[in-house]
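Some notes on the structure that comes next.
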């Protein structure tokens, strides 16, 4: 391999990327995905519009209402209207949930009798409904346990909840979504760029400069992939800064691990792009194909939408066939947990990523022929 | 032993054969011409020799034998390949100077003083010395081809393979390209394999190979080949089983007519006769409705177009009369295409007045009413690759609101008359350029226009298809009385025009009938010489 030749070719790629303004895309695309999705994906519910009908007007019922009023999760309104009318308000999507406190609520509780609170939740968005339902349950139980503790009584059927969320104590969506997005972005963007750089020459005809010259395959690949690798390496830092400073995601692990595993992951991505460029002839096709084969697994198996451990059957197997799951495990560890290389799983996953890279790169290199088809 | 020997080379593609059992030999310093229509195997053989495609057979260069692209790697340092297509190997975003640097670097050329002297010499020969800072994307077609050629020459290849380096290049640039080539082969002893669509260039070659039907059908010096066809060429006379083109008749059987001197292109016509591949006869039926036309169909007064500080067309006056074929000639970048695009409203007019069919054109609205009367065929034939010929034509008929039954009737008629009926269900990309060209014109004729604007419709089309194309234009003029404005790089075609306008750097430098031009240039043997004399004057 002649370094001068590779350097000259790679320099040409840089000049080309710069003059064709493609360089803007290299950095704009990742930032856009992170900002749009980072703010756009919301799992938690705040300010749910809750209508409360208090038929009791007792101390207990007022305490319960106060619990709702003091939470950022609800926008409660205490009303005195017939049940039917309140339900219509849900139907009209003006209210998310309706809570009905029965009359003699306090009296029954003091007598140790069972009391039922009516809760109606708008189920048109099932996940949202489940979330709100869970909140309300929690709030009521919380209030109940407080009251019972104060009164020094242990009513039957009253459960004390001791919920604690691990690693993401604040239950912030940003913490859960943003690291997963980095795994998506670094899979998609380098792949598109590397596919484009080779297919562009095929489409234009300049690929003849490679076919007809003594330039070796290794030199050509190095010249094509080094610029992509270098440019996207900068994205590792850019995305880190955005995650930590714009989205306030905590970073508890080793930066070295984050950095090196991300570089490895970029290598995997550009090898995928290389593979795509071997099979396609048109830039449009190359872009669409790359997007399809990277975005879908990158999103589904990123752990953003669903944890891999809760997947079953085919989806569980499929998740293991794409590199994104392994990388994201390391990502979440470095951001939220910080076990680092002390965890055997992370060492294993790093090894698996190396295998992914070697496999894709070997396939692309062997398949690329220095001749017309 | 010859320096280059090609033995029984065959190139196969998935569905067809590119070239079959081709053999040739070449000595140092020889220029060998590859001549033949589109798709007859010239490029396939060139790709095989350059080692960029798999082939059967054996090629020996300088004692090194190779049978595959992999084995050819050993001699790639000696080879220079310039594939077909204008500016194909150039990067739009790199400047002329950066290209030379890049090509030297990827070939690992030692950059010492001798290199820079050679580089400057090449730049000077190509007339690009002043343009080293210009982006390749902003060069004209001829400049792109000259740049491609000197990039190919930069590492001093000993085996130069040039696939139609002069197609789409104006006569002046073509002359310059050949001068570069001639110098190189004399100084370096380079073997040059050159394919061309211009028969005049064949005269500059040491040996020509004639290609037809994926085979080499004849080899030898050009004079010998022309001499061989003499017995089959007659003056124009009525005959059967023969071809009558451009005032000559070709027949294998003896005709009762005097013989005439054959020209180079006639080799193709005789060959078509021999291989019994008579081109379909072109006819044109009467148009559906007669239209009254003004005497002056198009009149431009002081038409000007600027791109930034660059003046593409500088105050051009032009008239197109009823039933006239007007040839618009000029070097690459002289402003021909820009002018046509202004006529069509594809570029806004910066200055000047335009009158079409008696109406002054001031806004898009004025044009809208005339759309139905104008037909246009662009340089690149604006056809849809994903639609078959039939579907393409139906689509264009729809665009012009032609009732379906009438559209189908007209499409069927054109397919018969213009000889592409057998290709109706094929995709354009699988057809020879000549067929694509005729059916592009059919698409432009569907709405029966009264004016036809044709932008280089014949570039890269083989001699027979071009002859048919001109026959079609002649008939259109005769039967329909329509006016045609056409641009071309084939100077021999200028002679079929009623009148020619010559553009040079955005200015009109001549506007006269072909006859008058010959009178004012008594020494000129061909129209090409007239063209060159205009271009050399006060250059």
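Starting from the alpha-carbon convex hull of chain B, give the projected area averaged over all orientations, in nm². Averaging across all directions leaves 26.2 nm² for the Cα convex hull.
The simple spin-label model puts a point 7 Å past each Cα toward its Cβ; for residue A:93 and residue B:246 those points are separated by 7.4 nm. Separation of the stretch B:8-52 from the stretch B:302-358 is 41 Å, based on Cα centroids. Mean per-residue shielding of peptide A:18-24 is 2, counting Cβ atoms of other chains within 10 Å of each Cβ. Viscosity 1.002 mPa s, temperature 20 °C: give me the Stokes-Einstein translational D for the stretch A:48-151 in µm²/s, with Rh taken as the Kirkwood radius over C-alpha pairs. It comes out at roughly 153 µm²/s. Per-residue mean of foreign Cβ neighbours for A:199-211 is 5 (Cβ atoms of other chains, 10 Å radius). The value of relative contact order for the stretch B:4-220, using C-alpha pairs under 8 Å at least six residues apart, is 30 percent.
In percent, how large is the relative contact order of chain B, given Cα pairs closer than 8 Å and 6 or more residues apart? Computed value for chain B: 14 percent relative contact order. Answer rounded, prolate or oblate for the stretch B:4-220, using the Cα gyration tensor with square roots of eigenvalues a ≥ b ≥ c: rounded when a/c is under 1.5, else prolate when a/b is larger than b/c, else oblate. Judged from the Cα gyration tensor, the stretch B:4-220 comes out prolate (a/c at least 1.5, a/b above b/c). Based on DSSP H segments of at least four residues, each scored -39500 (n - 2.57), chain A has a per-residue ellipticity at 222 nm of -21000 deg cm²/dmol.
Evaluating kT/(6 pi eta Rh) at 20 °C and 1.002 mPa s, with the Kirkwood radius of the stretch A:257-373 over Cα pairs in the Stokes-Einstein relation, gives 139 µm² s⁻¹. When only Cα pairs below 8 angstrom with a gap of at least 6 residues are kept, chain A shows a relative contact order of 19 percent. Rounded if a/c is under 1.5, else prolate if a/b beats b/c, else oblate: with a ≥ b ≥ c from the C-alpha gyration tensor eigenvalues square-rooted, which is the stretch B:12-62? Judged from the Cα gyration tensor, the stretch B:12-62 comes out oblate (a/c at least 1.5, b/c at or above a/b). In the stretch B:225-274, the C-alpha radius of gyration followed by the widest Cα-Cα span (Dmax) gives 9.3, 26 angstrom. For the stretch B:202-340, the average shadow cast by the Cα convex hull is 14.3 nm², which is a quarter of the hull's surface.
Where only DSSP H runs of four or more residues are counted, chain B gives -10000 deg cm²/dmol as its mean residue ellipticity at 222 nm, each run worth -39500 (n - 2.57). Counting only alpha carbon atoms, the long axis of helix B:171-188 and the longest principal axis of chain B meet at about 0°. When the alpha-carbon atoms of the stretch B:1-103 are used, the pair Rg, Dmax equals 15.1, 45 angstrom.
Working from the pairwise distances between different alpha carbons, so that the mean of 1/r is found and then inverted, what is the stretch B:352-488's Kirkwood radius in Å? After inverting the mean inverse Cα-Cα distance, the result is 15.6 Å. Rounded to the nearest 10 degrees, the inclination of helix A:59-69 to the longest alpha-carbon principal axis of chain A is 20 degrees.
With a ≥ b ≥ c the root eigenvalues of the C-alpha gyration tensor of the protein assembly as shown, is it rounded (a/c under 1.5), prolate (a/b larger than b/c) or oblate?
Here the protein assembly as shown falls in the prolate category.
For the stretch B:339-397, what is the Kirkwood hydrodynamic radius in Å, using each pair of distinct C-alpha atoms?
Computed over Cα pairs of the stretch B:339-397, the Kirkwood hydrodynamic radius comes out at 13.4 Å.
Pairwise over distinct Cα atoms, reciprocal of the mean inverse distance: report the Kirkwood radius of the stretch B:138-213 in Å, one decimal place.
On the way: mean 1/r = 0.0771 Å⁻¹.
The answer is 13.0 Å.
Here the stretch B:296-536 is treated as a Stokes sphere of Kirkwood radius computed over C-alpha pairs; at 25 °C and 0.890 mPa s its diffusion coefficient rounds to 132 µm²/s.
Counting only the Cα atoms, chain A fills a convex hull of 180 Å³ per residue. For chain B, find the longest principal axis of its Cα atoms and tell me its angle to the long axis of helix B:404-417, 0 to 90°, nearest 10. That works out to roughly 50 degrees.
Here, each number is a calculation from the coordinates, and none is a lab measurement. Bear in mind the structure is a predicted one, so any value in this text is a computation, not a measurement. Cβ coordinates were reconstructed from backbone atoms using ideal geometry, including for glycine residues, and neighbour counts include every protein chain displayed.
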